[in-house]
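Input: a single structure, listed below in structure tokens.
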């Protein structure tokens, strides 16, 4: 089993559990690492993806694009 045992340099640990010391961590406003199996519906996951994508600065959005399957309908 592979897992992050200590947060990466510059990361802030956001969550832990009895089984995983470093469950969720963030690096600045651009990286969110999760070592869990969230049980979200597709609608909830799509809202999370769009919220994160919509929060990117315009200069970063220019170099990114959501795949056709992830675009809003």
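Every read-out reported here was derived from the displayed coordinates using simple, explicitly stated rules and does not represent laboratory data. Predicted model only: the values in this text are computed from it and were never measured.
Just want to confirm a number: the relative contact order over segment 12-66, from Cα pairs under 8 angstrom separated by 6+ residues, in percent.
Over segment 12-66, the number comes to 18 percent.
Mind jotting down a quarter of the surface of the convex hull over the alpha carbons of segment 12-66, in square nanometres, one decimal?
4.5 nm²
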